[in-house]
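A.B. asks: Please see the structure below; I have some questions.
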């Protein structure tokens, strides 16, 4: 909706619709002018009511755009269901819910982004640490093989010398 009514204007608009229903659905534009503070406000609210389909302007003129106005068939049901006031309250409530949903969605996206950044940092650290561990394991295995081979090689050579009977100085 292009025009948003204030709470006061919505209450007055509901009164206008009620008066139109009381006067057999048709009234002079002066009824609207009496309820509102200015003629411009009355005209704007009546145009809003026409836009939502509750009121019809029967005889607009250049001097008076709302000379004769009439309530439509759905006006009484509209007033019984709460009228403009309830409609505006519902719109505000819906806007608040929408804002809450959007803020929750934004918060979830922010948390998801933080988690991805954290995961990528941790992932890099884990990969670097695993390469270091593999490299150190390789070095340890080479050193272990070297020392084991030397000791067992010396023992084998010593046994061979003993069997042959060669004494080493």
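A.B. asks: Taking the stated definitions as given, is residue 45 surrounded by 17 or more Cβ atoms within 10 Å (Cβ to Cβ), in contact with a strand residue (DSSP E or B) (Cβ under 8 Å, 6 or more places away or on another chain) and under 15 Å from residue 13 (Cβ atoms)?
C.D. replies: no
A.B. asks: Against the definition (modelled with pLDDT of 80 or more, out of contact with any helix residue (DSSP H, G or I) (no Cβ under 9 Å at 6 or more places or on another chain) and within 15 Å of residue 88 (Cα to Cα)), how does residue 22 come out, yes or no?
C.D. replies: no
A.B. asks: Here's something else I'd like to know. I'd like to verify a number: residues in segment 1-49 that are over 15 Å from residue 87 (Cα atoms) and outside any loop (DSSP other than H, G, I, E, B), how many?
C.D. replies: Here the count works out to 23.
A.B. asks: Separate question: Does segment 50-60 hold any residues that are part of a loop (DSSP other than H, G, I, E, B) and modelled with pLDDT under 85, and which are they?
C.D. replies: Scanning segment 50-60 gives 58, 59, 60.
A.B. asks: Separate question: Could you tell me whether segment 61-72 includes any residue that is in a helix (DSSP H, G or I) and under 23 Å from residue 4 (Cα atoms)?
C.D. replies: Looking through segment 61-72, none of the residues is in a helix (DSSP H, G or I) and under 23 Å from residue 4 (Cα atoms).
A.B. asks: With the condition kept exactly as written, say whether any residue in segment 108-126 is touching a helix residue (DSSP H, G or I) at 6+ places or on another chain (Cβ under 6 Å) and in a helix (DSSP H, G or I).
C.D. replies: no
A.B. asks: Scan 105, 120 and give me the residue that is within 23 Å of the chain's Cα centre (by Cα) and either exposed (fewer than 13 other Cβ atoms within 10 Å of the Cβ) or more than 22 Å from residue 19 (Cβ to Cβ) (or both).
C.D. replies: 105
A.B. asks: Which residue out of 41, 34 is within 14 Å of residue 5 (Cα to Cα) and over 33 Å from the mean Cα position of the chain (by Cα)?
C.D. replies: Only one candidate qualifies: 41.
The values are calculated or read from the model by the stated rules, or taken from the named source; none is laboratory data. Note that the structure is predicted; figures quoted are calculated from it, not measured. All Cβ positions, even for glycine, are placed from backbone atoms using ideal geometry, and neighbour counts span all protein chains on display.
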